[in-house]
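In what follows, a single structure is set out as structure tokens and then discussed.
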Number of protein chains: 2
Amino acid sequence: MPRLSEEEVVERSSGDEGKRIGRREARKRATYAALVTVAHRRFHEDGFDATTLDDICAEVGISRRTFFRYFKSKEDLVFPNRAERLERFVQVLTDAPADENPFDTLRRATRQFGPEYMAHRAQLVAQQALIARTPSLRAREAEIDRDWEAVMARAIMARTGTERAAAVRARVIAGACIGVIRATMRHWFTTGGVEDLTQMGEDALDCLERGFALE
Amino acid sequence: MPRLSEEEVVERSSGDEGKRIGRREARKRATYAALVTVAHRRFHEDGFDATTLDDICAEVGISRRTFFRYFKSKEDLVFPNRAERLERFVQVLTDAPADENPFDTLRRATRQFGPEYMAHRAQLVAQQALIARTPSLRAREAEIDRDWEAVMARAIMARTGTERAAAVRARVIAGACIGVIRATMRHWFTTGGVEDLTQMGEDALDCLERGFALE
DNA sequence: CTCGAAGTGCCACCGAGTGACATTTCCTGT
DNA sequence: ACAGGAAATGTCACTCGGTGGCACTTCGAG
């Protein structure tokens, strides 16, 4: 018996460029989406810690054992597209011209991601409120920041080389960038996402590049 | 029966300015110290996750329930003096003259903490290796960084005011500072702690203040 | 239509962490 | 010195996230 409304299965072996989605794959995606949807609702209603995996699994209609074949941990429910977002960021970095300085590259990233965030501001603000009040989610977010910092440092080194001085400089720049970006986003979130995130991001990068010393 | 070699109890009501340590307090401190010592040894021998709280408690001679009256979590065993270190940092911040700029304040902090770190370099490098390979410890470390960033932002705001622009700037500067400090320390750790940490810290702060743009 | 594999459920288990309550241990006031 | 009481500890039972093993169902390919 189907646990959820089964969606139409794309006719198999029909279109040449069709996705060739069978029942199995469709069911998996439906389960994945249901997990994310149900979890987000209950997290926001009852809180992250107060919501049990058994609760979520019962509502979705799967066993807890099966849940862990979709997500490696409870926290991962809150950051579903983590890998994709990182991948897009890496793309921005690798697509950058070889002579572009790191701050300009990040400005381009800001102009790409900023508007997207502002478009989903309500959802993101709520999401961030949940993260901010849940220690284990803050920890997960920090881990994500570390990933971004690492790929950024690697990207800089790809241009400046990996000798001692250059490596230190690359890591320090990456740390500073992630630091100001995270601080900017936290401020944007806590003020309800009403300000211009793109502008704030570019301002922060300006400060980094030109120094905070200007009077 | 004593669980561990009981140390000499300071004669009660002896010296006027004696610490007035009774058996109870002495025993508590001995237990606390034993927990830290035993835990660190086993963490480094067997790894953090492979070491069970039951293992540690058995060796120290207490129940697991009692352990949680000394530490709020297993991770806290690795950061025993977290509160004290933060407190000292706050002191550096609050002791700063009202007209000192944030970077000079941090330079003073660097000159205070840097040499201490270099004095214990072997221990700290081993410690950091453990943290680096243990996700839950990395998470805890990130949380500590957040604390430092928060007190720094607050300290800056105490001087610049809390109006929108000043608040953003304070948070961004704090984020950048923690970012470069963390990056610097990670580099110092991964290179075995042989370089001059104080110098590297001051260099990083110079970059922040004057900007990374200099050719 | 059949065979194999992917997906799932069930069960037992582990380890971290908590609440309740009894028991021991030490400090303090007389 | 001794009694009363508070602090510290132990015991037990429990919750919840997470994992390993194995049987079973379901789907897809030939």
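Summary of values
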| item | result |
| --- | --- |
| Given (1) away from chain A (no Cβ under 14 Å); (2) at pLDDT below 95, number of the condition B:Asn101 does not satisfy | (1) |
| Residue tally, condition open to solvent by 10 Å² or more (accessible area, probe 1.4 Å) and more than 7 Å from every other protein chain (Cβ to nearest Cβ), over segment A:168-185 | 3 |
| One residue from B:Leu124, B:Leu86, B:Leu130 being within 15 Å of DNA strand C (Cβ to nearest atom) and in the same structural domain as B:Thr190 (by TED's automatic domain parsing) | B:Leu130 |
| Test set (1) open to solvent by less than 30 Å² (accessible area, probe 1.4 Å); (2) facing chain B (nearest Cβ under 9 Å); (3) touching a residue at least 40 places away in the same chain (Cβ under 8 Å) - A:Ala155 fails condition number | (2) |
| Breaking point among (1) surrounded by fewer than 21 Cβ atoms within 10 Å (Cβ to Cβ); (2) more than 7 Å from chain B (Cβ to nearest Cβ); (3) not acidic (Asp, Glu), for A:Trp188 | (1) |
| Enumeration of residues in segment A:122-142 that are open to solvent by 30 Å² or more (accessible area, probe 1.4 Å), within 12 Å of chain B (Cβ to nearest Cβ) and in contact (Cβ under 8 Å) with a residue 12 or more places away in the chain | A:Ala132, A:Ser136, A:Arg140 |
| Verdict on A:Ala204 being open to solvent by less than 40 Å² (accessible area, probe 1.4 Å) and within 7 Å of chain B (Cβ to nearest Cβ) | yes |
| Tabulated pairs, segment B:62-88, first open to solvent by 80 Å² or more (accessible area, probe 1.4 Å), second assigned to a helix (DSSP H, G or I) and more than 8 Å from DNA strand C (Cβ to nearest atom), C-beta under 6 angstrom, 6+ apart or interchain | B:Arg64/B:Cys57 |
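Yes/no matrix, rows are residues, columns are (1) within 14 Å of chain A (Cβ to nearest Cβ); (2) more than 9 Å from DNA strand C (Cβ to nearest atom); (3) at pLDDT below 95; (4) not in a loop (DSSP other than H, G, I, E, B):
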site	(1), (2), (3), (4)
B:Arg12	no, no, yes, no
B:Lys19	no, yes, yes, no
B:Arg29	no, yes, no, yes
B:His40	no, yes, no, yes
B:Ile56	no, no, no, yes
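The values are calculated or read from the model by the stated rules, or taken from the named source; none is laboratory data. As the structure is a computational prediction, the values presented were derived from the model and not from experiment. Please note: Cβ atoms are built from the backbone with ideal geometry, for glycine as well, and neighbour counts cover all protein chains shown. Just so you know, the surface numbers come from the protein's heavy atoms only, side chains and all, with ligands and any DNA or RNA stripped out. Shrake-Rupley method; radii C 1.70, N 1.55, O 1.52, S 1.80 Å.
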